[in-house]
Every structure is written in structure tokens, then in C-alpha cells.
Amino acid sequence: RLPVVEAAGKRLEELLLGAAADQLGSGPVVIVPPGALHRVPWALLPSLRERVLSVSPSAGSWLRARETEPPPGGRHVLVRGPGLATGGAEVPEVAGQYATARILEHDDAQVPRVLEELDGAALAHIAAHGTFRADSPLFSSLRMADGPLIVHDFERLARSPYRIILSSCDTARLASVGADELLGLVTALLPLGTAGVVASSAPVNDAAVVPLMLALHKGLGAGLSLAEALRDARTALPGDALHQATGWAFAAFGAA
């Protein structure tokens, strides 16, 4: 229920930010959390809910992302993997917002073809089930038609997509491998040429993701950054607990 979730957000703010919540100013907020806090849904905190908010695994990765230039050409790639409850229903509607988008689905959504199209893309939207491997984070994966697309596969690209939107569960999960060093899909993408990622740190409802993604792409089409577009997309969602919780589960990583 929404009141319970609201209360949890308020309590999290008291514990994590305390008096610092009143000192944030009015500009964008960048959070670099320690390893133990990487799964916090920061947008759930009342003082951050209507802010332009981005998260980064480290200050260094945020700086690299900010300095990354978009590729020429502006190619958009939309991928639908198998087994989603909605069938990746947002993909054809999102495609209508981009005149030359390349859609990979069914037999076209196989790992070699997907990697070929992702290489050097300006924006990639991947609707696919994510699997996080806490025992070996670099083998975390996204399910394609012919099997898993794993983190290591992105290292084969000449350049990872400039922006990536992952509309599936647990794609932002990270694992600690040392003193606040984190491994996962997001941390692997940022050094490879990706300047910004939108991903979820928790299980989400596939149907509730659809309106969030449509609103997100509308903002991107208007020239907003990932963090700005995600902030606006949350405010456009229905006010019930399912849609609101889905919006809070997603975060913008990096600086694009």
C-alpha cells in the first residue's frame, strides 16, 4: 500500500540524509553511495522525489561519463527479449518516437545481431529479463532469443551505446568486491563509452513499466537528460502504489 511505502521513504531519509536533506540546494543531485547502500531506491526519499537525480558507482565513473561525447549519427536501437509478461509492449510505441529506430525482436534479437546493432549506437532501449549473479557479477545477463547477453559481451564492442535504457528487473544491481568497489552491468558499461544508463535496482511489474518508459522517451525526445526525463516520467505516472513504486525502482546512472 502507498502509505506504507511513503512511510518507508520518510524513514530512509531520516536515516540516510538526516539534517543534510535541508542543505541540498535547488540544483541536480548526484549520489555516490557506499557499497552497502547501492540498492537504495533514492527517488523514494521525499526530499529527492522531485529532483533531477543521478547515481554513480564512483566519482571517477561519473566524471568519465560527463566527459563522454555522443557518437555521430544518432542511431537508436530497440530490443525485445523473450518471456516478458507484456511482450515488451513499450517497444513498438517507443519506436514511433524515432523515425529511423532499429527494432530487434523474435529471431532478430539474438546475441550476435544485438551486439552488432548496439555497437556505437546513440541510444539503446533493451526490454529483456535481467539476471544478476551475486557470485560472479560480470556474468550477470539479459535474456535474448538465443540465450544470455552477459556483461562480458559488452566488452567486445568498439563502443558501448552512449545511452542505455534497461526496462527490466535488477539490471542496476551491484556486488561489493572490496572496500566499496562494485561490479555489475552498470559499472561495466560506463567505462566502455556509455555515458548514462536507466536501470532498476529491484523487481518491477512489467505492465507498470510501460507508461514509465513511454514518458521517459518523450522527455528524451524533447532534449532532456536521462535524469531529467526520468524525473518527469515519474510525475506522469498514475498515483497508485504499483505505478509509483515502479517509478521509484528506476534510477539514472552516469551523466548523460
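Listing for the model above:
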{"item": "Boolean, Asp153 is within 21 Å of Pro112 (Cβ to Cβ), at pLDDT 80 or above, open to solvent by 10 Å² or more (accessible area, probe 1.4 Å) and of a type in the set (Asp, Glu)", "result": "yes"}
{"item": "Sole exception among (1) at pLDDT 75 or above; (2) open to solvent by 20 Å² or more (accessible area, probe 1.4 Å); (3) touching a helix residue (DSSP H, G or I) at 6+ places or on another chain (Cβ under 7 Å) for Asp206, by number", "result": "(3)"}
{"item": "Single match in Ala21, Ala43, Ala65 (criterion: within 20 Å of Arg231 (Cα to Cα) and surrounded by fewer than 16 Cβ atoms within 10 Å (Cβ to Cβ))", "result": "Ala21"}
{"item": "Residue that is farthest from Ile150 (Cα to Cα), among those in region 85-115 that are assigned to a helix (DSSP H, G or I) and open to solvent by 80 Å² or more (accessible area, probe 1.4 Å)", "result": "Glu93"}
{"item": "Per-region count, region 222-234, residues under 17 Å from the mean Cα position of the chain (by Cα), open to solvent by 40 Å² or more (accessible area, probe 1.4 Å) and of a type outside the set (Asp, Glu)", "result": "2"}
{"item": "Residues of region 168-200 classified as modelled with pLDDT of 70 or more and open to solvent by 10 Å² or more (accessible area, probe 1.4 Å), total", "result": "6"}
{"item": "Some residue of region 60-68 being over 24 Å from His243 (Cβ atoms) and part of a loop (DSSP other than H, G, I, E, B)", "result": "yes"}
{"item": "Scope region 24-37; condition loosely packed, with under 10 Cβ neighbours inside 10 Å and in a loop (DSSP other than H, G, I, E, B); matching residues", "result": "Gly25, Ser26, Gly27"}
{"item": "Residue under evaluation Pro41, criteria (1) within 19 Å of Tyr162 (Cα to Cα); (2) under 16 Å from the mean Cα position of the chain (by Cα), criterion not met", "result": "(1)"}
{"item": "Given (1) over 24 Å from Gly219 (Cα atoms); (2) in contact (Cβ under 8 Å) with a residue 60 or more places away in the chain; (3) in a loop (DSSP other than H, G, I, E, B), index of the condition Leu157 fails", "result": "(2)"}
{"item": "Neighbours by Cβ (under 6 Å, 6+ apart or cross-chain): first from region 232-246, in contact (Cβ under 8 Å) with a residue 40 or more places away in the chain and assigned to a helix (DSSP H, G or I); second open to solvent by less than 40 Å² (accessible area, probe 1.4 Å) and not aliphatic (A, V, I, L, M)", "result": "Arg234/Gly247"}
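The values are calculated or read from the model by the stated rules, or taken from the named source; none is laboratory data. Model, not experiment: these values are computed from the prediction. Note: ideal-geometry Cβ built from the backbone for every residue, glycine included; neighbour counts use all protein chains shown. SASA here: full protein model, heavy atoms, side chains in, ligands and nucleic acids out. Shrake-Rupley method; radii C 1.70, N 1.55, O 1.52, S 1.80 Å.
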